[in-house]
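Report on one structure; see the data block that follows.
The values are calculated or read from the model by the stated rules, or taken from the named source; none is laboratory data. All values reported here derive from a predicted model rather than from experimental measurement. No Cβ is skipped: glycine too gets one built from the backbone with ideal geometry, and neighbour counts run over all protein chains shown. These accessible areas exclude ligands, DNA and RNA; they are computed on the full protein's heavy atoms, side chains included. Shrake-Rupley method; radii C 1.70, N 1.55, O 1.52, S 1.80 Å.
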Amino acid sequence: MKKFGLIGYPLGHSFSEKYFTEKFNNLGLIDHCYKLYPIEVMANGFPKLLEENPLLCGINVTIPHKIEVMGFLDEIDEAAAAIGAVNCIKITRTADNKKNLKGYNTDAYGFESSIKPFLEPHHKKALILGNGGAAKAVKYVLGKLGIEYKFVSRNPKEGMLSYADLTKEILEDYHIIINSSPVGTYPNVTEKPELPYEFISDKHLFYDLIYNPAETVFLAKGREKGAKTKNGYEMLELQAEKSWEIWNE
């Protein structure tokens with residue numbers, strides 16, 4: 001038996017559980033299973049999870065543990081270290097059952113592959129809404145692509161913008177807006193980042209890492225103003241496939 005799973009808190013509807021369960025069924029891998037492991041406090045919950053599940057081979061990591069989990073790992077992939085967040089862990093064991101945990105970041109791969117087809121020459125600057133683990137992967141990719149960026153947060157740190165700072169001039173200069181926060185995700189589907197949407201135009205690209213609902217209020221408001229829109233579903237599929245590739249290397 002090979003076990004895989006997702007850690008985070010809270011864990012409700014899970015893309016990963018459905019995706020990998022269907023994948024295992026389609027591939028005839030009857031000795032594989034994927035489960036949800038809600039962990040509220042990493043210091044207690046994560047070591048206990050590993051101890052109680054010796055057949056675990058791979059773990060996906062979601063909010064809010066993508067940064068904290070790094071302190072529990074034996075190795076971290078170079079790109080994940082540069083990003084400063086891990087969302088995929090490969091577990092290997094030696095003959096004497098010593099385990100080795102190596103962390104990776106597949107969010108960056110999924111985000112880069114899914115946004116590139118939408119980029120146009122005028123897409124030179126981006127606003128990243130939120131500053132958690134997913135935002136770190138977005139920042140890493142934008143840096144690779146040579147796109148300038150600013151973080152926007154409800155509780156901005158030095159160098160970040162607050163939502164109140166967003167003026168007509170800023171939105172006319174930053175044509176990519178990426179929601180990496182959980183605002184608007186199910187079940188809070190009426191919520192949206194507090195942008196001055198009246199200043200959005202058909203030059204804008206709205207990307208929401210959320211996939212449930214398929215169209216958040218954030219994306220709907222952008223679409224109404226003529227912006228290109230993209231949700232996070234393809235990114236999730238791509239990062240899931242990258243995780244599967246890592247677990248099988």
(message) Of the residues Leu49, Leu119, Leu73, Leu101, only one is over 27 Å from Gly12 (Cβ atoms) and modelled with pLDDT of 95 or more; which?
(response) Leu119
(message) Just to be sure I understand the filter: pairs with C-beta atoms under 7 Å, separated by 6 or more residues or on different chains, first member in segment 112-132 and within 15 Å of Asp208 (Cα to Cα), second member open to solvent by less than 60 Å² (accessible area, probe 1.4 Å) and among the acidic types (Asp, Glu). Which pairs pass?
(response) none
(request) Go through segment 198-221 residue by residue and tally those that are in contact (Cβ under 8 Å) with a residue 24 or more places away in the chain and buried (at least 20 other Cβ atoms within 10 Å of the Cβ). (result) 10
(request) Among what's in segment 30-54 and is outside any loop (DSSP other than H, G, I, E, B) and either aliphatic (A, V, I, L, M) or farther than 21 Å from Leu73 by Cβ (or both), pick the residue that is most open to solvent (accessible area, probe 1.4 Å). (result) Ala43
(message) Anything in segment 82-102 that is under 20 Å from the mean Cα position of the chain (by Cα) and open to solvent by 60 Å² or more (accessible area, probe 1.4 Å)? List them, or say none.
(response) Ala82
(message) Name the residue that is nearest to the chain's Cα centre (by Cα), counting only residues in segment 142-159 that are in a loop (DSSP other than H, G, I, E, B) and within 14 Å of Gly130 (Cβ to Cβ).
(response) Ser153
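Here are Pro117, Pro121: which of them is assigned to a helix (DSSP H, G or I) and either open to solvent by 10 Å² or more (accessible area, probe 1.4 Å) or touching a His at 6+ places or on another chain (Cβ under 8 Å) (or both)?
Working: Pro121 fails: assigned to a helix (DSSP H, G or I).
When all the criteria are applied, what remains is Pro117.
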(message) Quick check on segment 6-29: of everything there that is open to solvent by 20 Å² or more (accessible area, probe 1.4 Å) and not in a helix (DSSP H, G or I), which residue is farthest from Asn60 (Cα to Cα)?
(response) Gly28
(request) Search segment 223-249 for residues being open to solvent by 60 Å² or more (accessible area, probe 1.4 Å) and not basic (Lys, Arg), and hand back the single one that is farthest from the chain's Cα centre (by Cα). (result) Glu224
(message) Conditions first: (1) over 21 Å from the mean Cα position of the chain (by Cα); (2) at pLDDT below 95. Tyr186 passes all but one, so which condition is the exception?
(response) (1)
(message) I want to confirm something. Restricting to segment 193-222 and keeping residues that are within 18 Å of the chain's Cα centre (by Cα) and charged (D, E, K, R), which single residue is farthest from Gly130 (Cα to Cα)?
(response) Glu215
